[in-house]
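Enquirer: Below is a structure I'd like to ask you about.
The values are calculated or read from the model by the stated rules, or taken from the named source; none is laboratory data. Here the structure is a predicted model, which means the values were calculated and not measured. In this analysis, Cβ positions are derived from the backbone assuming ideal geometry, glycine residues included, and neighbour counts consider all displayed protein chains. The protein model used for the area step is the full one, side chains on, heavy atoms only, and it has no ligands, DNA or RNA in it. Shrake-Rupley method; radii C 1.70, N 1.55, O 1.52, S 1.80 Å.
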Amino acid sequence: MGTKIIGTGSALPGLTIHNTKLEEIMDTSDEWIRSRTGIEERHIAVEETTTFLAVTAARKAMENAGVSGEEIDLIIVGTVSGDMCFPSTACQIQEAVSAVHATAFDINAACAGFLFGLSIVDAYFYAGRAKTALIIGAEVLSKMMDWADRSTCVLFGDGAGAAVVRKEEGGILSIVQGSDGGRGMALTCHNRPVNNPFVRADNTLDYTKMDGQAVFRFAVKTVPEAIRQALAKAGCEADEIKYFILHQANIRIIEAVAKKLGQPDEKFPTNLQKCGNISAASVPILLDHVNRAGMLEKGDKIVAAGFGAGLTWGAAVIVW
Ligand code: COA
């Protein structure tokens, strides 16, 4: 028995902010952002919350899969930007989709969140502890940006993507995942500081900070390695893969990965031009866009790969 994706869904906030709009509020340019990253615009939440986006994506994935809430026995949400510390985003989704029999929890693996979720679901299925799971990546990163820091805020966007996964023949052929906490300070955002009657705390909220070049180097080295490992584990050649669904951080990272794998850019669909980097939501949103565009047929082999803060990474070879 395998771990098969049987439905996908996604949700983006209504407001789109083009690079030229950012030119009006900070010292940047459309040309700089496009040439360094490929990003043209991103969706920014105004009324939408992380939970709202997650629930909308989850409902679409369930509809796409033809699965009711009662059938779902596991809900995992990858997020670094939940609306509440607790209850988890996953528990809020459980309530919204009436998944009364599910166990629900969030994980923090940043931009590798969907891949980590897939890996956990695969392990639950293997252990016989679940049969139908909902995996969601959901982020409102715009609230975690320092909008005075042009080197980070122009890169990110908001949205959610979801997949319904069932214990069925086929599906995941291999998954690899990894972490390197030793390089974690390359991409950070502190939670609230220790603050109680016994210690004075500066209650200023922290925002996302990034050593862009360190993250870039990490991505272009680690992602092709992880994909190669996943391919070897699956007994597949890169040439057999129809699409590589990569985390949408930067077009230059994606092109570098394609080059290292000796694969044409056309096999790497992108939506970062319109969405920016949406951390844990990037991979499932792109998967949903590719799925709904009718680009996937039963039996196609794809690779999904995520990477980001932690540092964390994951790659999977999947039969559609
Ligand atoms: N608009 C205009 N200029 C900007 C800018 C912006 N939005 N952001 C930074 N700059 C400036 C810098 O201040 C710097 O100016 P200086 O040379 O006068 O000091 C110059 O552009 C070059 O900055 P640098 O950081 O060296 O640019 P870069 O070529 O490394 O590109 C990134 C920066 C962030 C695009 C690139 O490092 C990157 O994509 N890294 C990976 C980040 C990522 O994907 N993170 C998420 C992973 S999950």
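Enquirer: In the set 249, 230, which member is surrounded by 15 or more Cβ atoms within 10 Å (Cβ to Cβ), out of contact with any helix residue (DSSP H, G or I) (no Cβ under 8 Å at 6 or more places or on another chain) and touching a residue at least 24 places away in the same chain (Cβ under 8 Å)?
Expert: Working: 249 fails: out of contact with any helix residue (DSSP H, G or I) (no Cβ under 8 Å at 6 or more places or on another chain).
The unique qualifying residue is 230.
Enquirer: Of all residues in region 272-295, count the ones that are outside any helix (DSSP H, G or I) and open to solvent by 20 Å² or more (accessible area, probe 1.4 Å).
Expert: Going residue by residue through region 272-295, those that are outside any helix (DSSP H, G or I) are 276-278, 293-295.
Now drop any that are not open to solvent by 20 Å² or more (accessible area, probe 1.4 Å), which leaves 293-295.
Looking only at that region, the number is 3.
Enquirer: Go through region 257-304 and give me each residue that's among the small types (Gly, Ala, Ser) and in contact (Cβ under 8 Å) with a residue 40 or more places away in the chain.
Expert: Correct list: 276, 279, 280, 281, 282, 304.
Enquirer: In the list 265, 211, 239, 300, which residue meets the criterion of being within 12 Å of the ligand (Cβ to nearest atom), at pLDDT 95 or above and among the acidic types (Asp, Glu)?
Expert: 211
Enquirer: Can you pull out every residue in region 5-37 that is within 16 Å of the ligand (Cβ to nearest atom), closer than 22 Å to residue 281 by Cβ and in contact with a helix residue (DSSP H, G or I) (Cβ under 6 Å, 6 or more places away or on another chain)?
Expert: 19, 33
Enquirer: Name the residue that is nearest to residue 157 (Cα to Cα), counting only residues in region 2-20 that are among the polar types (S, T, N, Q) and in contact with a Lys or Arg (Cβ under 8 Å, 6 or more places away or on another chain).
Expert: Taking the candidates together, the pick is 16.
Enquirer: When region 61-103 is examined, which residues are found to be more than 23 Å from residue 45 (Cβ to Cβ), open to solvent by 20 Å² or more (accessible area, probe 1.4 Å) and part of a loop (DSSP other than H, G, I, E, B)?
Expert: Hits for region 61-103 are 66, 68, 73, 98, 100, 101.
Enquirer: I would also like to ask the following. Scan region 296-320 residue by residue and report those that are open to solvent by 10 Å² or more (accessible area, probe 1.4 Å) and either closer than 15 Å to residue 5 by Cβ or among the small types (Gly, Ala, Ser) (or both).
Expert: Scanning region 296-320 gives 296, 297, 298, 299, 300, 301, 309, 310, 319, 320.
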